[in-house]
Every structure is written in C-alpha cells, then in structure tokens.
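These notes concern the structure reproduced below.
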Amino acid sequence: MQKFNSKVPKGPLTEKWSSFKDSGKLVNPPNKRKLDIIIIGTGLAGASAAASLAELGFNVKVFCYQDSPRRAHSIAAQGGINAAKNYPNDGDSIYRLFYDTIKGGDYRARESNVYRLAEVSNTIIDQCVAQGVPFAREYSGLLENRSFGGAQVSRTFYARGQTGQQLLLGAYGSLCRQIKLGNVKLYHRHEMADVVIIDNKARGVIVRNLVTGELERYFGHAVVLATGGYGNVFYLSTNAMGCNTSAIWKVYKKGAYFANPCYTQIHPTCIPVHGDYQSKLTLMSESLRNDGRIWVPADIEDAKKLRAKTLKAVDIPEEKRDYFLERRYPTYGNLVPRDVASRASKERCDAGFGVNETGLAVFLDFSEAIERLGKNVIEERYGNLFQMYHKIVDEDPYKNPMMIYPAVHYTMGGLWVDYELMTNIQGLYALGECNFSDHGANRLGASALMQGLADGYFVLPYTIQNYLADEIKVPRMSTDLPEFVEAENNVRAQIVKLMSIKGSRTVDYFHKLLGTILWEYVGMARNEKGLEKAIELIKKLREEFWVDVMIPGEINAMNVELEKAWRLADFLELGELLARDALHRNESCGGHFREEYQTEEGEALRNDDDFRYVAAWEYTGDNKEPKLNKEELIFENIELKQRVYK
Ligand SMILES: Cc1cc2nc3c(=O)[nH]c(=O)nc-3n(C[C@H](O)[C@H](O)[C@H](O)COP(=O)(O)OP(=O)(O)OC[C@H]3O[C@@H](n4cnc5c(N)ncnc54)[C@H](O)[C@@H]3O)c2cc1C
C-alpha cells in the first residue's frame, strides 16, 4: 500500500489534537495582515471559516454562486447537530461520539480526524449559543437533545426543523461583522471555474461573474474549498438544485486526489418520487424517527389494496402491521443508521409490500406518539416538517401516516485531505461536505453540520497557520502572471466550446439520463455487471452531450442554462469515476452495497483484509483511466467488527 503523508500527529489518540495545537506554527498579527486567503463557499463550512480567519486578522475573499451567502444549501438542514455534551446524562462522552461515528461509517474513516471532531463538538455548541442560535430548550432552560440514527444516546441539538438555517444565520452574522470591518470581501454570484497553481502551490482562482459572464482572476496565499456535496450527480436528490461538483472536479483535474467517490448516502425518509417531471426530492428529517414508526402491511394482499386505494393505512389493525426495523433491529429499532434503514425499506418494497401506487414507499406513522404525547407536543417538535409534508403531498400527517422512500442525500466522498484538511496540492484546503474526511462509508445523522462547523470554526484556523507561517515572505502576486492567463484562457475555451455545440437537447435532458443510469446501477444496490454497464452508458451519454446539447443565451450575460451545462459536463465525468470506484471496491460497506458481498441476512459484508483503505483517485488525462492510490486506514483504538444494530 502506498505511503501517504496524512500528517497525523504522533502520540495517543486523545492527545493528538492538543499536541498539534501546542506545536503547530502560528502567524503573528502583523504578518496575518499580509496574507490573503480565498474561500469558495459560504455554507456552514465556508462561512464559519471565513469569519474565523478574518477575526484572526487574515484578509479573506469569499465567493458563492448564490445571490446571498444565506442561500447556501446548509440552510436546508433540518434535524440537528451532534455534540457530546451529555446534557441528558444518558451516558454520552467524547469517546462514544467518536466510536459511534467510526462504527456508523463502517470503519472506513481515519481515527484521528474523527476523534478530533468529537472533541471539538462541544465547543461548537458553545460558540453557536454565544451567537444567539435559538436551540430548543427544556423547561429548566438547559439545551434539549433528541436522538438520531446509530446512537443509543440523545446528543442532537436542534432548532425545531430548521437547525441549518439557524446555524447559518449565526455564521452569517459573524461573517457580516467581518465584511463591515473590511476583513472579508464577499463576492456573491461568482462561480469558481478553476484553481491557479504556481510552483506546485495553490495561488488563486478563476471565477465567472454570473451576472455579467466576465471571467475574473483572484490571488490568494492559500485557497480553501467549502463547496458542499455532489449528490445532484443523481439528478434527483434532496440537495438544493445548485449543488454541484465543479469546483472539486476542476481541482481533481489539476492533481488533487478524489477520495471514495462511490460512498453515497441514500436517506430513508424522503417524500417518494411522484412523477417524470420532478426535478427535486424532499427530505423528511431523520429526527422524525424519534417518534415516528416505520411499517408496511404484514399481509401482501393489504399492500396490494393500499396500492389500488381500496384500503387505507388507518384501517389496517396493529397486528397486521410489520414494523420491520423494530423487528429486524430491536436494539436500535427505528433509529438504525440511514444505510441500514434505507436497505430495509427497499427490501420490503422489492418484496411487494410497498404502499403507494408505484410500490416504492413505506409508512412513517405518528399515531402512537400522538396518543402518548398529544398532538401539541408533536407539533412543537416537528410542526414545520408536518406542514411541509402536508403542502407537498396534500395529506394531513397528523391523521394519516406519512409515506416515505429512500433518496440520494449526502456524499461522504470528496477531496482527499490530510489531518490539516489540506489536499495533496500545497495550500489547497477542503472543508465540510466537499472533503472525504470524517464519515467513512456512511454518515450518521446530524454529523454533517458538526463537521462543517468544526472544520470552519475550530480546525482550519489552526491548521492553515501551520502552512501560512512559511508563506509570510511571499508577496501578493500579480494576476497577470502566465499561470493566471493560461487558466483563464482554458476556462474561456471550455465555455466557448459548450456554447458552440448548438445541439437539439436541453441540459436537463442529459442530466436526467445520467441520474437514471446512476440510480439504476450505482444506487442503493450495485453489482459488477451493472457497474460495468453504467461506465459504458455514461461514456456514451457524455459523447452525446458534447455534440447535441443546446444552450440558449449569451456567454457575456446571465445565463442559467450555461451554468447548468458547465456543471453537468463535470457531473458526466464524475459519474464515471463514481461507478469505477464502486466497481473496484469488492466489498459492501456503509452506503456502498455490492449485492455480491452480503451476509445471509442481507447485511453489508466488509472485506477488511483487502479494502481497509481510502481510495484516492488521481486524474491522468481526459478519457484515460484514473490511477488508484490507497491510504491504509489504521485502527489502533477501535476493534473492527461487523456492524450490528440488532
Ligand atoms: C435536506 C437536507 C437536510 C439536512 N439536514 C441535516 C441535519 O439536520 N444535520 C446535519 O448534520 N446535516 C444535514 N444535512 C447535510 C448538511 O446540510 C450538509 O452536508 C452541509 O450543510 C454542507 O455544508 P457545506 O458548508 O459543506 O456546503 P453547502 O452548504 O452546500 O455550501 C456550499 C457553498 O459553496 C458554494 N459553491 C459551490 N461551488 C461553488 C463554485 N464553483 N464557486 C463558488 N461558490 C461555490 C455555494 O455557493 C455555497 O455557498 C442535510 C442535507 C439536506 C440535503
């Protein structure tokens, strides 16, 4: 296995982060003012990093493609954020959060990073409370917690079903303070189109102004990507429509490793697909599984009647219901991790027990909780989610159970980073969902917000100084340098190429086909033959795209179709890498379920001897096979076991 320098500090697990903080290099205040940092992204990871670095005294330029940082996809996060405060006194600890996260990720994450995440989790809550984030409180005034999948304790802090929004408002407030002070310059409606590398170090970006279409150049002593996940490669997902892979894909093509692209999270509780013309799926938060019970009819005839609409859920008596998660996993019940719950729902639907017209739905039922707690308590806890469901489906979930089905939700894969969150390109960092760092093959609920804010508020502000301390003598560079000119010319050439195709099919036509291929062959269940087929189909689709896509409008103007085509061109390449990664990984782990590798009970069967590594893919040229590099995962503190939630 290849030797990777993941820069994990030596010493016991519990002391690694403090020893890094004690010994890492720092930049003194006057020198901080001489250093420019570019941050791409204003979601929780990017906004928290930008605010923190500016507060420290660095000059920050921050970019997002939306009209406001507040529209970053993070705003959609509903359920909550984890931390090991142990307020409920139910036995939580930093070690337990670490353990649950490693186990939840099916033993495919780096121990040191995950331990640090658990360690800083409590500080995040303090920081956010200080910002005024209105977390739910108990009668006593203490912050309230609820449970999420894969944990036996309640460690999830929340603000109704709008936790992401409230946290983002907190980070945005801090960011605005720094904008006002002149330490941060914000560029909204600006999309990063490429990174500029000079003498093997990231030194800037080429950005497209989405309002004028102009290309612009920006210099930074370091470049930080916080550009979110790439779940939209599947076309239908719970992600915001704009989420894309382009920033991380462009840097992959400049030499940054792309790690574990096949680890995709399919979330069990989403509103089922209801038609061919749908372009977005809606998540019903995992928090609902605290009180909602998942079931299908025990009798297949009842399922048929439900599908034919001759029977209603409420008319099926208790003894004829199959609470299949409680039956299969009595210890965790409805709170098994997402990958496990999704597969179990799929299994029931594939066996003919699906409850809606398409046969691809199961019930999420609150009748027992409403009876036990009263409607007002359920409304207090999940009111906005119930309202959202009611509006979309036109059925009252207080009266009839919700119908749910798994959908693409989160991508654990992303840019490979070391302990300091630096990619293998010097001075190029990746934070939040766009890196591969902490969730292994399956992310536990409420851990993405924790990771994004940990990276931005508490990790990068230390680690980036370790690099920048050696850059203080580097003067600001001119953006007229040949590297900037060349990068800009390349971007322009790609845009001109796209615009000159003038084909007959819309961007969405191709995107939808890509999504169909990926969902069919690289979705919840994968096998060798299907993956080989997917690779061929994607290659063909890519060729068709490049001769037949139609992009109306102008280059030098606002052009939403051009933006979409630009992003889809990268998705069409990423889709192939995703399938390739899934094909090479001859095991099942977390969100990656290979049908050939399962236990007799249909659970994921890992192969630790051969696949206990991070697959870090290296670009070798267009239409060439990428090179696979392997970072061995060393477990010194946790014993590898088959994941059991029974
Ligand atoms: C519906 C839903 C609910 C969720 N609920 C929860 C939850 O309750 N708890 C939890 O822990 N996790 C949850 N998640 C996951 C979590 O929301 C995300 O993983 C997290 O918010 C990602 O944050 P981020 O800062 O990494 O990226 P994002 O919030 O996606 O931000 C990305 C930023 O990058 C910018 N950007 C991207 N590309 C470019 C480019 N080329 N140029 C310029 N700017 C660019 C965007 O403009 C944006 O500002 C949920 C996810 C979904 C889909």
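Listed values, structure above:
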| quantity | calculated |
| --- | --- |
| Index of the failed condition, residue 363 passing every other in (1) part of a helix (DSSP H, G or I); (2) under 15 Å from residue 323 (Cβ atoms); (3) touching a helix residue (DSSP H, G or I) at 6+ places or on another chain (Cβ under 8 Å) | (1) |
| Answer residue from segment 51-64, given it is within 16 Å of residue 204 (Cα to Cα) and buried (at least 24 other Cβ atoms within 10 Å of the Cβ) and is farthest from the ligand (Cβ to nearest atom) among those | 58 |
| Meets criteria (under 12 Å from residue 292 (Cβ atoms), within 16 Å of the ligand (Cβ to nearest atom) and among the aliphatic types (A, V, I, L, M)) for residue 378 | no |
| Leading residue by the ranking (farthest from residue 256 (Cα to Cα)) among those in segment 186-227 that are outside any strand (DSSP E or B) and touching a Lys or Arg at 6+ places or on another chain (Cβ under 6 Å) | 211 |
| Residue that is surrounded by the most Cβ atoms within 10 Å (Cβ to Cβ), among those in segment 65-75 that are near the ligand (Cβ under 9 Å from one of its atoms) and either part of a helix (DSSP H, G or I) or of a type outside the set (A, V, I, L, M) (or both) | 74 |
| Residue selected from segment 212-228 under the condition within 11 Å of the ligand (Cβ to nearest atom) and not aliphatic (A, V, I, L, M), by the criterion surrounded by the most Cβ atoms within 10 Å (Cβ to Cβ) | 227 |
| Sole residue being part of a loop (DSSP other than H, G, I, E, B) and surrounded by 23 or more Cβ atoms within 10 Å (Cβ to Cβ), chosen from 79, 91 | 79 |
| Residue in segment 186-204 that is within 14 Å of the ligand (Cβ to nearest atom), surrounded by fewer than 24 Cβ atoms within 10 Å (Cβ to Cβ) and among the polar types (S, T, N, Q) present | no |
| Residue within segment 479-489 that is buried (at least 16 other Cβ atoms within 10 Å of the Cβ) and within 16 Å of the ligand (Cβ to nearest atom) present | yes |
| Matching residues in segment 1-20 - criterion: being in contact (Cβ under 8 Å) with a residue 24 or more places away in the chain and surrounded by 13 or more Cβ atoms within 10 Å (Cβ to Cβ) | 4, 6, 7, 8, 9, 13, 14, 16, 17, 20 |
| From the options 173, 182, 141, residue that is in contact (Cβ under 8 Å) with a residue 40 or more places away in the chain and among the small types (Gly, Ala, Ser) | 173 |
| Some residue of segment 400-413 being closer than 21 Å to residue 204 by Cβ, of a type outside the set (Gly, Ala, Ser) and touching a Phe, Trp or Tyr at 6+ places or on another chain (Cβ under 8 Å) | no |
| Qualifying residue in segment 72-86 (condition: closer than 30 Å to residue 219 by Cα, in contact with a strand residue (DSSP E or B) (Cβ under 8 Å, 6 or more places away or on another chain) and charged (D, E, K, R)) | no |
| Spans of helices (runs of 4 or more DSSP H) in segment 247-355 with at least 2 residues within 16 Å of the ligand (Cβ to nearest atom), surrounded by 16 or more Cβ atoms within 10 Å (Cβ to Cβ) and outside the structural domain of residue 524 (by TED's automatic domain parsing) | 338-348 |
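Here's the yes/no breakdown for (1) more than 16 Å from residue 225 (Cβ to Cβ); (2) within 14 Å of the ligand (Cβ to nearest atom); (3) not aliphatic (A, V, I, L, M):
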{"site": "405", "(1), (2), (3)": "yes, no, yes"}
{"site": "412", "(1), (2), (3)": "yes, yes, no"}
{"site": "424", "(1), (2), (3)": "no, no, yes"}
{"site": "441", "(1), (2), (3)": "yes, no, no"}
{"site": "444", "(1), (2), (3)": "yes, yes, no"}
{"site": "452", "(1), (2), (3)": "no, yes, yes"}
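The values are calculated or read from the model by the stated rules, or taken from the named source; none is laboratory data. Please read these numbers as outputs of a predicted model, since none were measured by experiment. Counting neighbours? That spans all protein chains shown, and the Cβs are built from the backbone with ideal geometry, glycine included.
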